[in-house]
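Beneath this line is the structure, given in structure tokens, with notes to follow.
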Amino acid sequence: MDDPILDARDVHAWYGSSHVLHGVSLQIGRGETVGLLGRNGMGKSTLIRTLLGHVTQRDGSIVFFGQDCSRAKPHEVARRGVAYVPEGRGVFPNLSVRENLLMAARPAAGSRGWSYERVLQTFTRLAERTEHLGAQLSGGEQQMVSIGRALMTQPELIILDEATEGLAPLIVEEIWRVIGQIRRDGIATLIVDRDFRKVLAHSDRALVLQKGQVVMAGSADALQAGADLAAYLGV
């Protein structure tokens, strides 16, 4: 891959004395969408946390946009143009929807940028709740705020960790619609989600982790057709 915006190679990470990631490599090109698959406890969230600087790897390298971020702090990674939608949503409970969105805003360049107004046009439910506090929102509304806030940083890469977890079916479809829009906008995306079929349908490539190692990797179509995928995912 020529000039990937993320180039992680042979990454090893530990929690205390537990060796969790065993030489994981991951590259994402500009505008590319990559799915990260695997059963619970196989290292997906640890990989994300390591890429973002929440967990420090002991071996390997992590490069964002040509700059070594192997020992970077989370705020330094964010300044490189990486946005994160965490599994727990991370909405500030005592801030309004408007405040939650605007606190992360960066200037939107051009019509494809993500302004406050564009986020409200995309998530029309939020437009009716701009002064509601984060704690007053449903789980689905909080997820919309979390995704909208990430987009308002004008990211080059957005990482979505279980963005549809625990949401009602109609909200899940809304989230996948927006993920498709993000892809069409040319924002590189790393997706983790339990619905592997949806992940593959929205991805260019995908990786499967098992016990902290990459056991399958390739185009989304090739993985979907592979006979081993179901065994690795336990479906």
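Working from label points 7 Å from Cα in the Cα-to-Cβ sense, the Phe65 to Glu131 distance is 3.7 nm.
As a calculated quantity, the FRET efficiency between Asn94 and Gln213 at R0 = 30 Å, using C-beta atoms, amounts to about 0.10.
Phi angles across region 70-86 convert, under the Karplus curve 6.51 cos²θ - 1.76 cosθ + 1.60 with θ = phi - 60°, into 3J(HN,Hα) values of 4, 10, 6, 7, x, 5, 6, 5, 4, 5, 6, x, 10, 10, 10, 10, x Hz, Gly and Pro given as x. Using C-alpha pairs below 8 Å separated by at least 6 residues, the relative contact order for the chain is 27 percent. Among Val215, Val199, a tally of other beta-carbon atoms within 10 Å of each Cβ gives an order, fewest to most, of Val215, Val199. For the chain, the ratio of Cα radius of gyration to the globular rule of thumb 2.2 N^0.38 Å stands at 0.99. Counted by Cβ distance under 14 Å from Lys73, the other residues give a net charge of +2, where Lys and Arg count +1 and Asp and Glu count -1. Amide H contacts under 5 Å for Ala188: Gly31, Glu32, Ile158, restricted to partners 5 or more places along the chain or on a different chain, H placed in the peptide plane at 1.01 Å from N. A straight chain from His75 to Ala168 at 0.36 nm per residue would run longer than the Cα-Cα distance by 30.3 nm.
Rounded to the nearest 10 degrees, the angle from helix 139-151 to the longest Cα principal axis of the chain is 80 degrees.
Arranged from fewest to most other beta-carbon atoms within 10 Å of their beta carbon, His202, His12 become His12, His202.
Rank the residues Thr153, Thr46, Thr56 as a footprinting-exposure proxy: fewest other Cβ atoms within 10 Å of their Cβ go first.
Thr56, Thr153, Thr46
Return the lysines within reach of Lys198: Cα separation strictly under 19 angstrom, same-chain partners fewer than 8 residues apart disregarded; answer none if there are no such residues. Counting by Cα, and skipping residues close in sequence, Lys198 has these lysines nearby: Lys44. Only helices enter the 222 nm calculation for the chain: every DSSP H run of n ≥ 4 contributes -39,500 (n - 2.57), and dividing by all residues gives -9000 deg cm²/dmol, rounded to 500.
Counting pairs of Cα atoms in region 103-189, how many percent are more than 23 Å apart? Result: 16 percent of Cα pairs exceed 23 Å. P(r) for region 12-109, from all Cα pairs and a bin width of 5 Å, is 2, 10, 19, 21, 20, 14, 9, 5, 1, 0 %, short bins first.
Please report the net charge: other residues with Cβ closer than 9 Å to the Cβ of Asp204, K and R +1, D and E -1.
+1
Answer with one residue from Leu223, Val199, Gln213: the one whose Cα lies farthest towards the positive end of the charge dipole of region 185-235, charges on Cβ with Lys, Arg +1 and Asp, Glu -1. The Cα lying farthest towards the positive end belongs to Gln213.
Read-outs: derived from the displayed coordinates by stated rules, not from any lab. Since we're looking at a predicted model, the values are computed, not measured. A quick note on method: Cβ atoms are made from the backbone with ideal geometry, for glycine too, and the neighbour counts reach across all protein chains shown.
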